[in-house]
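Worksheet: one structure, shown below.
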């Protein structure tokens, strides 16, 4: 720190200042709750703005990501890559999670040897100067030049409201997703035709939000998500209209008219918009995966590429719930689907996500592998995940349907296999789906799951499954069918569908 004056920092110096700021806040009890969620890359970014700070974790994360995008392609961007490699290497060598305080302290001794103290960041690349006027931090200008509505805008708007047919989950345009979100908000009693301020939250609710996510959080989450995208994204002109419409007191009809002038409004939503990035702890694993590092160990779980969206969803909901609890105590509050936010057992890691419905899902995949998607219809679901406002959930299995009975038989079979293998009943901490080669109840590893998926893909045709479904399942970490569709957001469903398409086109 002595060798790095504020405003003239090396990457190692920035990390020292950020680590010091986190330590001081912890000692004095003055730091916000989200400081507990930070990792080494977050600490480095905090150090670049020291003694400045952020109003909340969302502003911090969007500014962090915008700054990292600015460094891409520069020598300092390569320094960030080296920093990420050092952090993950230290975590692996010391067998300490990457966001553990002990690891973050140990990392300070490795940065000089890595050469990250040699080159200073010029003032123009420090966030205070580099992010002036940045959309991710300040939002779009109210002087933004909006495209003129097409000549038939009024006709298109009328058709938008009259089209009451339920969307297919393959309808992946902002127009279709927004219409679905407005239906949900209308059913919740919101003035969807009168207030342009509901448009962006409605798009977010239909695309990104889990059922337990509270309406009161969606406005902020929607704005944060909209600002998080790279300005080069094709979706940004759509989102900017939705962001400025309420500030300009624009009517819903006028906002829709401007939207119909943007090609991206009626084109497939970009894949980069399907994942939440605006929380602490998400940038380092994301960059690690880009560098070919397959896994990042954190205090909460081992993050793999297919889990990044899952971890991000939990982060935003968990931090929002903690902020509400801190500000007002625990209160029961209605969510968009009428459920109530309650404290229940948190989700297990990726193993539960993949495994609990494996047998039932495989049965359905065989039947549905001739198409890329199932239509989103109302029906009796044998498996349903009940979400809470903090991102936790429970899975409920109904035995009132034939498919539910099939799943019950599969679960009973797993219980019998557990008893036969270990000679006892499974306990609360035991995995129902376990490593068959382990002497003690052990969760299936990702490597085991990947090998299983590859083996099944090789035999897919003979057992009546489209191999693209299995490759997509392995890639994104879940499989979507009619029966389990309600367990996933539209963003997750689209990610799976697009993975299936990619693998089919690749001939896998």
| note | For region 460-508, the count of residues that are closer than 22 Å to residue 212 by Cα, assigned to a loop (DSSP other than H, G, I, E, B) and in contact (Cβ under 8 Å) with a residue 12 or more places away in the chain equals 9
| field | region 471-508: number of residues that are more than 22 Å from the chain's Cα centre (by Cα) and either at pLDDT 85 or above or buried (at least 23 other Cβ atoms within 10 Å of the Cβ) (or both) | value | 5
| remark: In region 123-143, residues that are surrounded by 14 or more Cβ atoms within 10 Å (Cβ to Cβ) and either free of Cβ contacts under 8 Å to residues at least 24 places away in the same chain or assigned to a loop (DSSP other than H, G, I, E, B) (or both) total 5
| task | Answer yes or no: is there a residue in region 103-118 that is in contact (Cβ under 8 Å) with a residue 60 or more places away in the chain and over 29 Å from residue 302 (Cα atoms). | result | yes
| task | Report yes if residue 456 is touching a residue at least 12 places away in the same chain (Cβ under 8 Å) and either in the same structural domain as residue 211 (by TED's automatic domain parsing) or surrounded by fewer than 23 Cβ atoms within 10 Å (Cβ to Cβ) (or both), otherwise no. | result | yes
| remark: Of the residues in region 445-459, those that are at pLDDT below 75 and not in a helix (DSSP H, G or I) number 1
| field | Identity of the residue in region 271-294, surrounded by fewer than 17 Cβ atoms within 10 Å (Cβ to Cβ) and modelled with pLDDT under 95, that ends up farthest from the chain's Cα centre (by Cα) | value | 294
| query | Taking residue 277 and the conditions (1) within 30 Å of residue 102 (Cα to Cα); (2) in a helix (DSSP H, G or I), which numbered condition does it fall short on, given that it satisfies the others? | reply | (2)
| message | Out of the residues in region 32-68 meeting the condition of being without any contact (Cβ under 8 Å) to a residue 60 or more places away in the chain and more than 25 Å from the chain's Cα centre (by Cα), tell me which one is surrounded by the fewest Cβ atoms within 10 Å (Cβ to Cβ). | response | 51
| said: If residue 389 meets every condition in (1) in contact with a strand residue (DSSP E or B) (Cβ under 9 Å, 6 or more places away or on another chain); (2) at pLDDT 80 or above apart from one, which number is that one? | reply: (2)
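So that you can scan it fast, the table gives a plain yes or no per residue for (1) assigned by TED's automatic domain parsing to the domain that holds residue 448; (2) at pLDDT below 50; (3) out of contact with any strand residue (DSSP E or B) (no Cβ under 7 Å at 6 or more places or on another chain); (4) under 23 Å from residue 443 (Cβ atoms):
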residue	(1), (2), (3), (4)
360	yes, yes, no, yes
364	yes, yes, yes, no
375	yes, yes, yes, no
379	yes, yes, yes, no
383	yes, no, no, yes
419	yes, no, yes, yes
| Scope region 441-494; condition touching a strand residue (DSSP E or B) at 6+ places or on another chain (Cβ under 9 Å) and farther than 19 Å from residue 310 by Cβ; matching residues | 441, 442, 483
| message | Looking only at region 187-199, filter to residues that are farther than 18 Å from residue 217 by Cβ and touching a helix residue (DSSP H, G or I) at 6+ places or on another chain (Cβ under 9 Å); which one of those is surrounded by the most Cβ atoms within 10 Å (Cβ to Cβ)? | response | 196
| Matching option when the condition is crowded, with 17+ Cβ neighbours inside 10 Å, out of contact with any helix residue (DSSP H, G or I) (no Cβ under 8 Å at 6 or more places or on another chain) and in a helix (DSSP H, G or I), among 12, 87 | 12
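The values are calculated or read from the model by the stated rules, or taken from the named source; none is laboratory data. The structure displayed is predicted, hence computed values, not measured ones. Using ideal geometry, Cβ is built from the backbone for each residue, glycine included, and neighbour counts are taken over all protein chains shown.
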